[in-house]
Amino acid sequence: MTRKGKRLVLIGGALAALALAVGLVLFALRDNIVFFYTPSELAQKQLAPGARLRIGGLVKEGAVTRGDGRNVAFVVTDRTSDLRVAYTGLLPDLFREGQGVVVDGTLAPDGVFRADSVLAKHDERYMPRDVADALKKQGVWKGDGTEAKQ
Amino acid sequence: MIVETGHFALVLALALAIAQAILPFAGARLRDASLMSVARPTALAQFGLVALAYGALTYAHVVSDFSLVNVIENSHSLKPMVYKVSGVWGNHEGSMLLWVLVLSFFGALTAVFSGAMPDRLRADTLAVQGLIGAAFVAFILFTSNPFARVADPPWQGRDLNPILQDPGLAIHPPLLYLGYVGFSIVFSFAAAALIGGRIDAAWARFVRPWTLAAWIFLTLGIAMGSYWAYYTLGWGGFWFWDPVENASLMPWLAGTALLHSAAVMEKREALKVWTIFLSILAFSLSLLGTFLVRSGVLTSVHAFASDPARGVFILAILTVFIGGALALFALRASALPTGGLFAPISREGALVVNNLLLTVCCATVVIGTLYPLALEALTGEKISVGAPFFDTVLIPIALPLIFSMPIGQLLAWKRGDLLGALQRLRAAFAAGVVAIAIFAALHGAPFLSVICAGLAIYLVVGAFSDIAMRAAPRGAPLRSIVSRARGLPLSAWGASIAHAGVGLTLLGLAATGWGVEQIVAMKPGVAYDVGPYRIAIEDVASRAGPNYAETYAVMAVREGDATLARMEPAKRFYQARRMARTEAGIVTLGLGQVYAALGEQHEDGTIDARLYYKPLVLLIWLGAVVMALGGACSLADRRLRIGVAARARVTTHAQAAE
């Protein structure tokens with residue numbers, strides 16, 4: 001093979017790999033990303049039911065009800081809007097009223113969010129950043145990251 | 001006093017690092033041997049000083065000196081000793097100090113083992129290493145001082161985050177940092193080569209052992225982190241595509257590509273510029289990872305605390321080093337002597353395919369990790385990019401890469417024989433097809449698992465085809481096979497073993513498709529089916545640990561009527577932080593595991609539990625250990641030890657004489 005031919009094969013191979021990657025990334029970004037909203041953002045968006053979403057907020061006090069089996073219903077709030085959530089399964093260790101959670105799932109036509117996973121973060125000082133931002137905006141933010149400093 | 005000594009040592013280390021960055025560099029420009037000779041002693045002294053600082057902080061943690069903010073926030077007098085020692089790096093300041101310790105450790109190692117290197121290359125390399133050290137020591141001193149005191153010390157500390165109080169903390173971060181930061185040496189070598197404008201096969205031989213060493217540690221560190229997450233988070237997952245995990249995967253992918261391209265450069269003097277680029281890329285991605293984890297851009301268990309000043313400082317370091325290195329690359333790369341071209345069907349060609357696919361994998365991981373950050377910064381939309389994205393993108397790229405691995409091993413340098421290579425892989429193809437048939441009959445769906453398992457078996461068998469052909473040509477007697485196998489270069493064994501390790505990991509990943517997951521409300525005494533086993537709670541009780549209280553269940557794992565093993569999944573409550581933590585119960589049966597995590601306990605005595613049966617799951621991590629073993633084998637190859645070769649020959653003679 002000539003020098004030119006070898007170089008062409010190399011460049012062609014690189015371009016093919018690149019094209020493959022770009023194609024895959026664009027395809028995957030169209031279908032496989034999940035948007036994150038706070039309950040009030042969700043209320044403004046008026047989304048069609050069925051889309052996969054991630055909602056972050058606080059577990060509203062006094063609104064956790066345990067049904068039969070492992071069914072749990074609770075309300076995620078950012079103190080402006082509330083969202084009813086239904087979940088079947090085990091709740092994480094740090095799931096508590098007033099704590100920050102992130103729920104993954106889909107919005108059902110009846111307006112209830114069907115979660116298939118509930119995350120409560122590992123550190124009790126932790127709050128989903130977006131929720132913290134939302135709370136700060138509304139002026140009801142209580143703690144902040146520097147509380148540990150003396 | 002000890003603490004102040006440590007603090008002072010760190011300040012001295014900064015001064016020395018600055019000297020190490022300037023003097024040898026100036027010496028190399030002025031061709032002044034005495035200036036260049038400053039590099040080695042400063043690198044050694046810098047390591048000594050950082051080690052002293054690190055020792056001082058460890059001392060403060062061990063004796064629970066609650067006059068230090070760092071100790072107050074992360075320690076507790078009742079905390080077990082192992083977590084007092086490893087808790088030093090279980091927080092932002094301490095982990096940055098460990099980072100710098102590892103950085104200066106590699107600098108010192110280079111100073112010791114660079115006897116055979118040209119003076120100017122050594123001086124420039126250590127100067128760049130010194131510059132990196134200076135930047136990060138300054139970062140610690142100015143934004144994250146671990147030695148800060150408080151005016152009136154409290155009686156008790158706040159304890160370490162319970163999730164970190166685990167043997168994994170003692171192992172995972174040091175290994176990961178040895179890998180992550182180990183690439184700094186390779187980066188310094190690349191920068192030195194660009195500054196000096198000289199690059200040849202000898203350069204590749206200097207760089208390869210460091211790349212290999214960093215790669216081995218990074219492989220082990222990632223595997224350890226993954227296993228830790230698996231047993232500690234209580235949902236049985238081992239990889240969450242969390243940006244922090246991706247941060248360690250990106251340099252690994254770039255480093256793996258670098259290992260292979262350095263081989264081409266060493267043997268054939270080709271791909272020089274590309275190898276330099278990958279050397280820069282690997283450490284740049286390590287820096288990017290450090291930025292993502294330490295700046296507070298991300299919220300995760302790894303981001304101990306966030307402070308905007310830190311983020312800006314690290315971003316500045318990141319910009320200077322990555323930008324500087326890439327600018328240097330752009331200016332000087334065209335001046336480097338270009339390597340030769342080669343035929344597409346050859347070992348070199350196969351390694352180029354490997355490099356293309358690995359860098360493409362790396363690029364997609366970078367995109368998947370940074371895209372949410374970029375989108376949020378630009379539009380305010382918050383998205384999460386998780387497993388579905390990475391599965392969709394990486395599987396189609398990884399499978400051809402894995403398929404081509406044994407083929408590449410069988411192609412000769414310069415001009416390979418593709419048909420011949422495929423013919424010599426007959427055994428591997430046959431093994432793969434048989435494996436597909438067996439797995440399909442045993443488990444059936446999912447399809448992807450069956451295909452991947454077959455591919456894994458093909459890879460393991462194919463990885464050793466080359467060795468087998470060379471050790472056992474047709475009709476060779478048994479004794480000659482053994483002596484031939486021992487005579488093969490260790491690097492050939494290393495490549496085969498590492499490739500087989502990839503195969504084992506792939507088999508473990510494929511087998512996740514055949515696992516069983518159950519969430520049940522368990523009544524004590526009743527046995528529940530999980531895969532081929534039955535699990536029953538025999539007892540539920542409470543006990544107190546050193547700094548926690550726990551409720552645990554004794555679960556029997558049965559097969560038929562026989563009880564195979566017992567496990568004790570627990571829920572722990574740590575008083576100091578008022579935090580709960582789930583302790584999974586795990587029983588290893590063969591290469592598979594039965595895994596149980598407790599949920600809530602109800603008033604009627606039932607306990608919610610997640611029960612998993614995970615066949616072959618241990619292979620995921622054992623494969624990584626085998627990969628690291630292969631790397632160690634390559635590292636032991638005499639070819640890589642320039643200057644040591646002569647001495648090694650003398651020892652062989654001495655052994656023969658015994």
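Counting helices only, and only those DSSP H runs with n ≥ 4, report the 222 nm mean residue ellipticity of chain B as the sum of -39,500 (n - 2.57) divided by its residues, in deg cm²/dmol to the nearest 500. Kindly include the intermediate steps, with their values, before the conclusion.
On the way: 23 runs with 415 residues, N = 658.
Helix contribution divided over all residues of chain B: -21500 deg cm²/dmol.
Over all projection directions, the Cα-based convex hull of region B:265-409 averages an area of 11.1 nm².
At a 10 angstrom cut-off on C-beta neighbours, averaged per residue, how do the peptides B:286-294, B:429-437, B:408-416, B:606-614 rank from highest to lowest? Please list the in-between numbers first.
On the way: B:286-294: 23.7, B:429-437: 16.2, B:408-416: 18.2, B:606-614: 21.8.
Result, highest mean first: B:286-294, B:606-614, B:408-416, B:429-437.
As a length-normalised measure over Cα pairs under 8 Å and 6 or more apart, the relative contact order of chain B settles at 11 percent.
Give the calculated FRET efficiency between B:Arg158 and A:Thr80 to the nearest 0.05, with a Förster radius of 51 Å applied to their Cβ-Cβ distance.
Details: r = 33 Å, r/R0 = 0.64.
Efficiency computed from Cβ-Cβ geometry: 0.95.
Using the Cα centre as the reference, give the magnitude of the dipole from point charges on the C-beta atoms of the protein assembly as shown (Lys, Arg: +1; Asp, Glu: -1; all else neutral), rounded to the nearest 20 debye.
Details: 68 positive and 54 negative charges, 685 e Å.
Here the size comes out at about 3300 debye.
Shielding value for A:54-61 is 1, the average number of Cβ atoms from other chains within 10 Å of each residue's Cβ.
Which shape class, rounded, prolate or oblate, goes with chain B when its Cα gyration tensor gives a ≥ b ≥ c as root eigenvalues, a/c under 1.5 marks rounded, and past that a/b bigger than b/c marks prolate? Oblate, since a/c reaches 1.5 and b/c is not below a/b. With an a/c value of 1.5 or above and a/b larger than b/c for the gyration tensor axes a ≥ b ≥ c computed over the alpha-carbon atoms, region B:1-156 is described as prolate.
The fraction of Cα-Cα pairs per 10 angstrom bin, counted from 0 for region B:26-83, comes to 21, 29, 18, 14, 15, 3 percent, rounded to whole percents. Across all Cα pairs in region B:516-614, the calculated P(r) in 10 Å bins from zero up to the longest distance comes to 16, 50, 27, 7, 0 percent per bin. Among the lysines of chain B, pairs at least eight places apart or on separate chains and with Cα atoms under 21 Å apart come to 4. With both labels modelled 7 Å from their Cα along Cα-to-Cβ, the B:Ala440 to B:Arg29 distance reads 6.7 nm. Using only Cα positions of the protein assembly as shown, each an equal point scatterer, no hydration layer, compute I(q)/I(0) via Debye at q = 0.09 Å⁻¹ and quote the log10 values to two decimals. The Cα Debye sum returns log10 ratios of -0.98.
Given R0 = 22 Å, the distance between the Cβ atoms of A:Ala73 and B:Glu603 translates into a calculated FRET efficiency of 0.70. A protection proxy built from the mean count of other Cβ atoms within 10 Å ranks the segments B:47-57, A:71-81, most packed first, as B:47-57, A:71-81.
What percentage of the solvent-accessible surface of region B:178-299, computed with a 1.4 Å probe over protein heavy atoms, is contributed by carbon and sulfur atoms? Spell out each step's value before the answer.
Details: 1770 of 2620 Å².
For region B:178-299, the apolar C and S fraction of the accessible surface comes to 68 percent.
Hey, any idea what the orientation-averaged projected area of the convex hull of region B:165-276's Cα atoms comes to, in nm²?
Taking the Cα atoms of region B:165-276, their convex hull projects to 7.4 nm² on average.
Counting only other chain Cβ atoms within 10 Å of each residue's Cβ, the peptide B:323-329 averages 0.
Counting only other chain Cβ atoms within 10 Å of each residue's Cβ, the peptide A:34-46 averages 2. Here's how it looks for B:Leu589: its modeled amide H is under 5 Å from those of B:Val594, which are all 5 or more places away or on a different chain. Note that region B:423-439 has calculated 3J(HN,Hα) couplings of 5, 6, 8, 3, 4, 5, 4, 4, 4, x, 5, 4, 4, 4, 4, 5, 5 Hz, one per residue in order, obtained from phi through the Karplus relation 6.51 cos²θ - 1.76 cosθ + 1.60 (θ = phi - 60°); glycine and proline are x.
Across region B:425-514, Cα pairs under 8 Å and at least six residues apart give a relative contact order of 39 percent.
Indicate the gyration tensor shape class of region B:425-514 (rounded, prolate or oblate), computed on the Cα atoms with a ≥ b ≥ c the square roots of the eigenvalues: a/c under 1.5 is rounded; otherwise a/b larger than b/c is prolate and the rest oblate. Here region B:425-514 falls in the prolate category.
Approximating the spin labels as points 7 Å out from Cα along Cα→Cβ, the B:Leu78-to-B:Asp242 distance works out to 2.6 nm. Distance between the pseudo-spin-label points of B:Glu381 and B:Thr319 (7 Å out from Cα toward the beta carbon): 2.8 nm.
Which percent, nearest 5, of DSSP beta bridges in the protein assembly as shown are antiparallel? Before the final figure, lay out each step's value.
On the way: 78 of 84 bridges.
DSSP beta bridges in the protein assembly as shown are roughly 95 percent antiparallel.
Order of A:10-21, B:395-406 by packing, highest average Cβ count within 10 Å first?
On the way: A:10-21: 14.6, B:395-406: 17.5.
In decreasing order of mean packing, A:10-21, B:395-406 become B:395-406, A:10-21.
If a spin label sat at a point 7 angstrom from the Cα of B:Ser404 along the line to its beta carbon, the backbone N atoms of region A:11-44 nearer than 14 Å would be those of A:11-21.
The values are calculated or read from the model by the stated rules, or taken from the named source; none is laboratory data. No experiment lies behind these values; they were computed from the predicted model shown. All Cβ positions, even for glycine, are placed from backbone atoms using ideal geometry, and neighbour counts span all protein chains on display. Side chains are part of the model used for accessible areas, which takes the heavy atoms of the whole protein and leaves out ligands, DNA and RNA. Shrake-Rupley method; radii C 1.70, N 1.55, O 1.52, S 1.80 Å.
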